[in-house]
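Below is one structure, written out as structure tokens; comments come after it.
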Amino acid sequence: MMRSVGTLTRADLAETINRKMGLSRAESLDIVEAILAKMCDALSDGENVKISGFGSFVLRDKKERIGRNPKTGIEVPITPRRVMTFRASQLLKERIANG
């Protein structure tokens, strides 16, 4: 049976940098924040973000389309929008599959 074992947080990432690199906790957190800010900036500028061996955050523009309210059955327009998906790398997929 699969179960969730918790959530990886910014603090957890910073702690790993702190332990592996010997930087202070504040410096480690600054690095995590800088990486996340760079990723957010790239995505908001319309760029995909690819992290080799991990996966890609991919943007897609969806056109306007007609949807249906499941309760009432009434058709409603769904506005055009940009969505982001995550595609795991083959390496990550294999690691997940093999536990």
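With V32, V58 as the choices, which residue is touching a Ser or Thr at 6+ places or on another chain (Cβ under 7 Å) and surrounded by 14 or more Cβ atoms within 10 Å (Cβ to Cβ)?
V58
So, of the residues in region 73-99 that are hydrophobic (A, V, I, L, M, F, W, C), in a strand (DSSP E or B) and under 15 Å from the mean Cα position of the chain (by Cα), which turns out to be farthest from L59 (Cα to Cα)?
A88
Can you tell me how many residues in region 3-34 are over 23 Å from K93 (Cα atoms) and in a helix (DSSP H, G or I)?
Number satisfying all stated conditions: 18.
If F57 satisfies all but one of (1) in the same structural domain as Q90 (by TED's automatic domain parsing); (2) farther than 26 Å from Q90 by Cα; (3) touching a helix residue (DSSP H, G or I) at 6+ places or on another chain (Cβ under 8 Å), what's the number of the condition it fails?
(2)
Taking region 58-78 as the region of interest, how many residues are at positive phi and among the hydrophobic types (A, V, I, L, M, F, W, C)?
Selection size over region 58-78: 0.
Just a yes or no: is a residue in region 39-49 part of a strand (DSSP E or B), surrounded by 12 or more Cβ atoms within 10 Å (Cβ to Cβ) and free of Cβ contacts under 8 Å to residues at least 12 places away in the same chain?
yes
Would a scan of region 72-82 turn up a residue that is within 28 Å of A11 (Cα to Cα), at pLDDT 95 or above, surrounded by 11 or more Cβ atoms within 10 Å (Cβ to Cβ) and not small (G, A, S)?
Taking every residue of region 72-82 in turn, none turns out to be within 28 Å of A11 (Cα to Cα), at pLDDT 95 or above, surrounded by 11 or more Cβ atoms within 10 Å (Cβ to Cβ) and not small (G, A, S).
The values are calculated or read from the model by the stated rules, or taken from the named source; none is laboratory data. Nothing here was measured: the structure is a model prediction, and the numbers come from that model. Cβ coordinates were reconstructed from backbone atoms using ideal geometry, including for glycine residues, and neighbour counts include every protein chain displayed.
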